[in-house]
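Taken together, the values in this text are just the output of simple stated rules run on the coordinates, not laboratory data. In this text, all values refer to a predicted model and were calculated from it rather than measured experimentally. Cβ atoms come from the backbone with ideal geometry, glycine included; neighbour counts cover every protein chain shown.
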Amino acid sequence: MTGVALVLLAMPLWAQPGNPRFGRWKLKSDAPPPASNIMTYEAHGTAGMKVTIESVNAKGDTTRWWYVTDFDGKAMPVSGNPGQSHAAVRRIDERINEIVNAKDGVVTQRLTNILSPDGNTIAVVYMRDDGSGRTSSVTFATYERVR
């Protein structure tokens, strides 16, 4: 094993070149075409990430929205999503991120985003907030890497 390989193995996954989250991820769904949901993760700045979500509903209408994060838990503006004004992302560990979505200062949803050990699947737990800090519903989604 080379010295470079040893250094990479000692670094957390998110700090390694080619962050394993970077790329396109498609929602695993039984919905018939044209319905789809694609998340794209790209490098932003020195250690951050740009998150872009593109959804197509059953009628074929497309929505696209995005935000950037430095994984520091700071609320960052969201563009293109009328139901969300800010997103705050913090890293729990190399495979788990927590995202807090808000609309005009009121938390609307908390997400736990978990990258699989093989790096090919992202599981998301969505906890809808009723606006007073109470969870009103919980849903789950699985995204698969688009190759």
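Side notes on the structure shown:
- Lysine pairs with alpha-carbon atoms under 22 Å apart, the chain, spacing 8 or more or separate chains: 7
- Bins of 10 Å, starting at 0 and running to the largest distance - Cα pair percent for the range 33-147: 13, 43, 37, 6, 0
- Dipole magnitude for the chain: computed about the Cα centre from +1 point charges on Lys and Arg Cβ and -1 point charges on Asp and Glu Cβ, it is near 160 debye.
- Table column - 3J(HN,Hα) (Hz), the range 89-102, Karplus curve with 6.51, -1.76, 1.60, x for Gly and Pro: 10, 10, 7, 7, 7, 4, 10, 10, 10, 10, 10, 10, 9, 9
- The value given for the range 24-101 is a Kirkwood hydrodynamic radius of 13.5 Å, derived from the mean inverse Cα-Cα separation.
- Inter-site label distance for ASP93 and HIS44 at 7 Å from Cα along Cβ, in nm: 2.6
- Relative contact order, percent, the range 23-147 [alpha-carbon distance under 8 Å, six or more residues apart]: 17
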